[in-house]
Amino acid sequence: MASRDRQRLRLLLPYIGRERRRLTLSLVLLIPVALAAAVQPLLVGQAISALRHEPTMAWLAGQSVPQALRTLVGLLLLAVMVRLALQGVQTYNIQVVGQRLTARIRDDLFAHALALSLRFHDRTPVGKLLTRLTSDVDALAEVFGSGAIGVLADLVTLLVIAFTMISIEHRLGALLLAIQVPVTFAIVWLQGRYRKANYRVREELGQLNADFQENLQGLEVVQMFRREATNSHRFASTAQLYRKAVDGTIFYDSAISALIEWVALAAIAVVLALGGLLVDRGAMGLGTLTTFILFSQRLFDPLRQLAERFTQIQGGLTAIQRIDELMEEPIEIAELPVGQLSAAAVRSGAERASAGEVVFENVSFAYRSDDPILTDLSFRIAAGEHVALVGPTGSGKTTVIRLLCRLYEPQRGRILLDGIDIRQLPIATLRQRLGVVLQDTFLFSGSVADNLRLDAPIDDVELLRLCNELGLEGLLERLPDGLATELRERGGNLSSGERQLLSVVRVAIRNPSVLVMDEATAFMDPSTEATLQHDLDTLLSQRTAIVIAHRLATVEAADRILVLRRGRLIEQGTHRQLRAAGGLYAQLADLQERGLARL
């Protein structure tokens, strides 16, 4: 565990290295802050010695009691002011470093999560990812805000106090230091138990967030099917597991605090007992005893703070472990290094960027190893050809689209776009050349213009002109602020047909060479569909089109129909050819004509 923690902490070095100046300043301030803290009990003890006319330090010799007290009080105030001022500078720098570091980690974590394939996101609840991006990163901020540097500060303070005590009275000093040895071992053991309990807390919190997010996203279904009570009971069970996990961390945290408090009281009692005997015998002055009592209190303050900081650090190490697990997830859909791209492929891709030929060569794919979706699938779609994909549910139609867009990688075979393996193309180039319109339209919160523009560098004037050309002026006139109208999450203030209309237009704006459509007009009312049909014909003109078809009218308009069943291409041809062949397509077409099935 310790070696693994060291490896994970090394991952933070690049982030820490960017704040070297602030960290160096904070480290340099450790010694003067510790000295300012250690000198205060010494000055109080000297004041008592002066009042009792006991031996004092050489630099106070020859001064009267009032003069000595004024000098000591002045030095005590100076030590307090210096310590507070230096601690303020140190704390500010540490907090700044912690916030900057965690902000960079959160940015990198978010970028990595977006780069992970859909395969990872299919098996990972959104709530668990949110926990790692928020709660875990915040725990890491606490480590750098008050944990890591604080531990060094406490250790330096402990060493300074220990050295000062030994130099004043080695017997009592050695006794106090000896008491700390078993206490330290006990704290380390309890911290290990706390670490395990804290990991469970993080896991349960992730599940709690996942359940909460799922119920909010499915609120319409929950209310329509009266699932409030059932889902609330399930959520309460998850919350109960989280509460029990938190109780475990509270137990170990309380045990550590209680142990330190009892030992600190016992140490003060021992100092009073033994020191009192030495004072009674004249072997020690009362001022020295007072110094040791104050030191015994301060000696356990760093240990108490160390325990608290170690609790934060354990939480931070747990967070680092969970963050590292996410960062170690391999990026399956990755671009090849520039040096591995052949010059011929790059040149060919640039020359034929608008052709749009699509080829699948012996492609096999499975989401799970025991459940193949596509098996040895091969076909060619010529540039400018319109092809419909038809087949029963689960035949692999949507998977074909996902593989073409490189949202997943096939286990075998390859996919070519204009003669180039899509793995040889930069992902940005590939997806710029593909325009995808799916039935489930996703719109971001923000303005209509932002949702249409996305990554395209189009100014507002040009965007408005394109929208008018594509027949969007009617919708823009109905919206209160036109292109500047703010959309709610997932476009909740638009109808399904209006959302679909926006999705078609934002694809058309990018002028793709291959258009992929999953029955783009399925959710549109007849009026909206009629408005868009002319623009769809324009959009499809001189472009390769791959349409997942569900309606007979769409299929009949295709140049060629590919019929899939269980991930295999079993038929292909025109509508008339396939009807005449009397195969699966003919059966599906007959059923749809009678209103009994979808294609």
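The values are calculated or read from the model by the stated rules, or taken from the named source; none is laboratory data. Keep in mind the model is a prediction, meaning the values are calculated, not measured. FYI the Cβ positions are ideal-geometry reconstructions off the backbone, even for glycines, and counts take in every protein chain you see.
Looking at the range 89-131, which of its residues are charged (D, E, K, R) and under 12 Å from the mean Cα position of the chain (by Cα)?
Scanning the range 89-131 gives 104, 106, 107, 108, 128.
Taking the criterion of being modelled with pLDDT under 80 and not in a strand (DSSP E or B), would at least one residue in the range 557-573 satisfy it? Please lay out each step first, then the result.
At the first step, the residues of the range 557-573 found to be modelled with pLDDT under 80 are 557.
With the extra rule that they be not in a strand (DSSP E or B), the set shrinks to 557.
Yes, the conditions are met somewhere in the range 557-573.
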Review point. Out of all the residues in the range 206-229, which are free of Cβ contacts under 8 Å to residues at least 24 places away in the same chain and closer than 19 Å to residue 125 by Cβ?
Key: 215, 216, 217, 218, 219, 221, 222, 227
**Study point:** Set 196, 244: member being surrounded by fewer than 16 Cβ atoms within 10 Å (Cβ to Cβ) and more than 23 Å from the chain's Cα centre (by Cα)
**Key:** 244
Point to revise | the range 86-98: number of residues that are loosely packed, with under 13 Cβ neighbours inside 10 Å and of a type outside the set (Ser, Thr, Tyr) | key: 1
Point to revise | Among (1) in contact with a helix residue (DSSP H, G or I) (Cβ under 6 Å, 6 or more places away or on another chain); (2) among the charged types (D, E, K, R); (3) under 22 Å from residue 203 (Cβ atoms), the one test that residue 304 misses | key: (3)
Study note, to complete from the structure: residue 395 fails exactly one of (1) in a loop (DSSP other than H, G, I, E, B); (2) within 20 Å of residue 544 (Cβ to Cβ), namely (2)
Practice item. Would you point out which residue out of 193, 234 is modelled with pLDDT of 80 or more, farther than 30 Å from residue 491 by Cβ and either among the basic types (Lys, Arg) or not assigned by TED's automatic domain parsing to the domain that holds residue 302 (or both)? Key: 193
Check your understanding: Out of (1) modelled with pLDDT of 80 or more; (2) farther than 25 Å from residue 428 by Cα, the odd one out for residue 496 is which?
Key -> (1)
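Being among the small types (Gly, Ala, Ser), at pLDDT below 85 and exposed (fewer than 12 other Cβ atoms within 10 Å of the Cβ): is that true of residue 334 here? Please lay out each step first, then the result.
Values: among the small types (Gly, Ala, Ser): yes; at pLDDT below 85: yes; exposed (fewer than 12 other Cβ atoms within 10 Å of the Cβ): no.
Spelling it out, it is not the case that residue 334 is among the small types (Gly, Ala, Ser), at pLDDT below 85 and exposed (fewer than 12 other Cβ atoms within 10 Å of the Cβ).
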Check your understanding: Between a first residue in the range 324-341 that is outside any loop (DSSP other than H, G, I, E, B) and a second residue that is small (Gly, Ala, Ser) and at pLDDT 80 or above, which pairs have beta carbons less than 9 Å apart while being 6 or more apart in sequence or on different chains?
Key -> 326/113
Point to revise | Matching residues, the range 106-129, being surrounded by fewer than 17 Cβ atoms within 10 Å (Cβ to Cβ) and either of a type in the set (S, T, N, Q) or closer than 21 Å to residue 204 by Cβ (or both) | key: 123, 125, 126
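To keep it simple, each residue is scored yes or no on (1) farther than 30 Å from residue 101 by Cα; (2) in contact with a Ser or Thr (Cβ under 8 Å, 6 or more places away or on another chain).
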| site | (1), (2) |
| --- | --- |
| 253 | no, yes |
| 260 | yes, no |
| 264 | yes, yes |
| 293 | yes, no |
| 318 | no, no |
| 332 | no, yes |
Exercise for review: Can you tell me which residue within the range 254-288, out of those that are closer than 25 Å to residue 198 by Cα and among the aliphatic types (A, V, I, L, M), is surrounded by the fewest Cβ atoms within 10 Å (Cβ to Cβ)?
Suggested key: 258
Practice item. Could you look through the range 472-495, keep only residues that are in a loop (DSSP other than H, G, I, E, B) and among the small types (Gly, Ala, Ser), and pick out the one that is farthest from residue 217 (Cα to Cα)? Key: 495
Point to revise | Residue list for the range 142-176, restricted to those being polar (S, T, N, Q) and either at pLDDT 75 or above or buried (at least 22 other Cβ atoms within 10 Å of the Cβ) (or both) | key: 157, 164, 167
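In this structure, is residue 186 more than 30 Å from residue 28 (Cβ to Cβ), part of a helix (DSSP H, G or I) and within 29 Å of the chain's Cα centre (by Cα)? So that I can check it myself, show each step before the final result.
Numbers: more than 30 Å from residue 28 (Cβ to Cβ): yes; part of a helix (DSSP H, G or I): yes; within 29 Å of the chain's Cα centre (by Cα): no.
Criteria not met by residue 186.
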